[in-house]
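Notes follow the structure.
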Amino acid sequence: MEKETQRSVSFRTYRRGERSNHSSHSKDVEGGKLHQDYHMKIVWKKGFIRLFLVGGILWMFLILFASLIHIWSCHSSITFVSGMCNKESKVFTMWSNIGLVPKSQSQHRCSIPVLSDPEKVVIPEGRTPDKIVKKLSYITKDEHSNNGSQSTPLFGGHESWAQREESFKLKSSMKVHCGFIKGGGAEMSAEDMNYVKKCRFVVASGIFDGYDIPHQPSNLSPRSKKLFCFLMVVDEISLDFIKENVTVKEDAKGGQWVGIWRLILLKHPPYDEPRRNGKVPKIITHRLFPEAQYSIWIDGKMELLVDPLLMLERYLWRGKNTFAIAQHKHHHSIYEEADANKRRKRYARPLLDLHMKIYRYEGMEPWSPEKKTVSDVPEGAIIIREHTAMSNLFSCLWFNEVDLFTPRDQLSFGYVVYRLKGSFEFFMFPNCEYNSLFVLHPHIREHSSRIEWVTNWDQLKGNAKISNKGKDWDQASGSKDNLVESRGGLGLWTPYPGNLDSVVLPPVVRASKAG
């Protein structure tokens, strides 16, 4: 009995030891597995951190490489490479701000050296004397006939190639085409005509085809408010649009006002294309407002920031100038500007090419530093003038080119300067000052005419469909069947007296992505 009890105790002790050994072995196995898992987690964690760091470094090098390529493209003379440049991008601005990119010669904005007080501006007495052209008159009756029958009057007249050539020959007394042919459209009401007769100092603007609403000028002095007439020229579509969107007040004499702007309605727009209609008040301002001695034109999308009296002192009187306009931000050559117009769909491409071929045939060279002018391409949204005979003649000749060819007036400006052979003197001020004169508001919509989407002659003649229509195609003016303007640009459809077949346009280097 005693032996059995001892055996039982020994067996229990053995089993307990067996279980203890088994438990210890299990713990050792589980501990090994945990240690191994922990070790693997550490390896994976370190590997992920290394991968993340290596990836981040590679990504930073990639961004740096792309940035350097972008900056290099902005200074490259290779057309394909320079086309990648965007000097308005955040990347370019960042590198420029930290000094890794050399500043361009003309910054986007700069301070304007105007006087501090409009009250202290001394207005010159009398007018600037006319030295070359002393008497200027205008053709107002269209004498063109076709097979013995009088054709429909055109606002710009049926100017022949011979008349155009004669108009560039300066004489003491001259008579030229300058719009406003009788029966050609753009008539003002009697009330508006009486009002503008009293305007000697004018700030003029224009809105056509419901593109914009008037923007009130800022920083006007009491003296300028009394001295200047602020005249906003509109067509009937724009007048209706303005009345729907802003308050228009009517005075006792029938004048319509939006703030300081007097709305001047032009009845019967002279052209099919709204952009071309806008050139009437812009370029031949002196014909609309014949009593004005000084005028400042600003595009309808602009809000003027500088007192107009200070502008006259800065751009005209200080340097004894009679005409001032800013130089273009990107382009110096009209051929560069024409190429940009084609890329941005600002008019029919074949007509732009034909326009430039005519100018090239007539001897217009691309701009170069050897030329006496700062640039052949202006920023035409602001024009500051004294209406002398020579200034008025230049405006007429400039307008006649816009009437004959394309409504892209920046293409014609330098050509007219070239044809007058240095006789027309003007002040082309820095673009950075131009950008400090106004706040630019966006158009209600961009395109005005379906002809602007035309890329080849077949589309223009109605033999091919236009597939690259813009978002404003349905709102744009123009017939689906006839894209050609019937009252403007007729010089491109009239047989040219020279042979243009051998004309080759100069090669163009794209100035910037924005240009």
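The values are calculated or read from the model by the stated rules, or taken from the named source; none is laboratory data. In this text the structure is predicted, and so the values were computed from the model without any measurement. Note: ideal-geometry Cβ built from the backbone for every residue, glycine included; neighbour counts use all protein chains shown. Accessible surface areas use protein heavy atoms only, side chains included; no ligands, DNA or RNA. Shrake-Rupley method; radii C 1.70, N 1.55, O 1.52, S 1.80 Å.
Residues of the stretch 265-274 that are surrounded by fewer than 24 Cβ atoms within 10 Å (Cβ to Cβ) and in contact with a Ser or Thr (Cβ under 9 Å, 6 or more places away or on another chain): Leu265, Lys267, Asp272, Pro274. Listed by first and then second residue, the pairs with beta-carbon distance under 6 Å, at least 6 apart or on different chains, first residue in the stretch 498-515 and farther than 13 Å from Tyr335 by Cα, second open to solvent by less than 40 Å² (accessible area, probe 1.4 Å) and at pLDDT below 90, are Ser512/Cys85; Lys513/Cys85.
Given the condition of a type in the set (A, V, I, L, M, F, W, C), at pLDDT 95 or above and over 26 Å from the mean Cα position of the chain (by Cα), answer yes or no: does some residue in the stretch 459-481 qualify? Checked against the condition, which is being of a type in the set (A, V, I, L, M, F, W, C), at pLDDT 95 or above and over 26 Å from the mean Cα position of the chain (by Cα), the stretch 459-481 yields no hits at all.
Only one of the listed residues (Gly491, Gly498, Gly515) is touching a His at 6+ places or on another chain (Cβ under 6 Å) and either at pLDDT 90 or above or surrounded by 14 or more Cβ atoms within 10 Å (Cβ to Cβ) (or both). That residue is Gly515. For the stretch 410-436, residues that are more than 29 Å from Pro214 (Cβ to Cβ) and not in a helix (DSSP H, G or I) total 6. Residues in the stretch 295-331 that are more than 25 Å from the chain's Cα centre (by Cα) and part of a strand (DSSP E or B): none.
If you check Ser67, Ser76 for being modelled with pLDDT under 55 and either in a strand (DSSP E or B) or among the small types (Gly, Ala, Ser) (or both), only one passes: Ser76. Scanning the stretch 157-188 for residues that are within 20 Å of Gly489 (Cα to Cα), surrounded by fewer than 18 Cβ atoms within 10 Å (Cβ to Cβ) and either free of Cβ contacts under 8 Å to residues at least 12 places away in the same chain or over 29 Å from the mean Cα position of the chain (by Cα) (or both) yields a count of 8. Of all residues in the stretch 317-334, those that are in contact (Cβ under 8 Å) with a residue 40 or more places away in the chain have Cβ atoms under 7 Å from Cβ atoms of residues that are of a type in the set (Asp, Glu) and open to solvent by 20 Å² or more (accessible area, probe 1.4 Å), 6 or more apart or on another chain, in Ala326/Glu379; Gln327/Glu379; His328/Glu379; Lys329/Glu379.
Charged (D, E, K, R), surrounded by fewer than 15 Cβ atoms within 10 Å (Cβ to Cβ) and either farther than 30 Å from Pro129 by Cβ or touching a helix residue (DSSP H, G or I) at 6+ places or on another chain (Cβ under 9 Å) (or both): does that describe Lys225?
Values: charged (D, E, K, R): yes; surrounded by fewer than 15 Cβ atoms within 10 Å (Cβ to Cβ): yes; either farther than 30 Å from Pro129 by Cβ or touching a helix residue (DSSP H, G or I) at 6+ places or on another chain (Cβ under 9 Å) (or both): yes.
When the stated conditions are applied, Lys225 passes them.
Take Glu191 and tell me if it is in contact (Cβ under 8 Å) with a residue 24 or more places away in the chain and open to solvent by 70 Å² or more (accessible area, probe 1.4 Å). So Glu191 passes the test. When Met356, Met364 are checked against the criterion of being open to solvent by less than 10 Å² (accessible area, probe 1.4 Å), farther than 30 Å from Phe228 by Cβ, modelled with pLDDT of 95 or more and in a loop (DSSP other than H, G, I, E, B), a single residue qualifies: Met364. Is at least one residue of the stretch 379-388 touching a helix residue (DSSP H, G or I) at 6+ places or on another chain (Cβ under 8 Å), within 25 Å of Phe155 (Cα to Cα) and polar (S, T, N, Q)? No. For the stretch 245-254, the criterion of being of a type outside the set (Gly, Ala, Ser), over 30 Å from Pro430 (Cβ atoms), part of a helix (DSSP H, G or I) and modelled with pLDDT under 95 is satisfied by at least one residue.
Within the stretch 256-267, being closer than 29 Å to Pro153 by Cβ and modelled with pLDDT of 95 or more holds for Gln256, Arg262, Leu263, Ile264, Leu265, Leu266. Restricting attention to the stretch 437-467, which residues are open to solvent by 20 Å² or more (accessible area, probe 1.4 Å), in contact (Cβ under 8 Å) with a residue 60 or more places away in the chain and in a loop (DSSP other than H, G, I, E, B)? If the condition is that a residue be open to solvent by 20 Å² or more (accessible area, probe 1.4 Å), in contact (Cβ under 8 Å) with a residue 60 or more places away in the chain and in a loop (DSSP other than H, G, I, E, B), then His441, Pro442, His443, Ile444, Arg445, His447, Thr455, Asn456 are the ones that fit.
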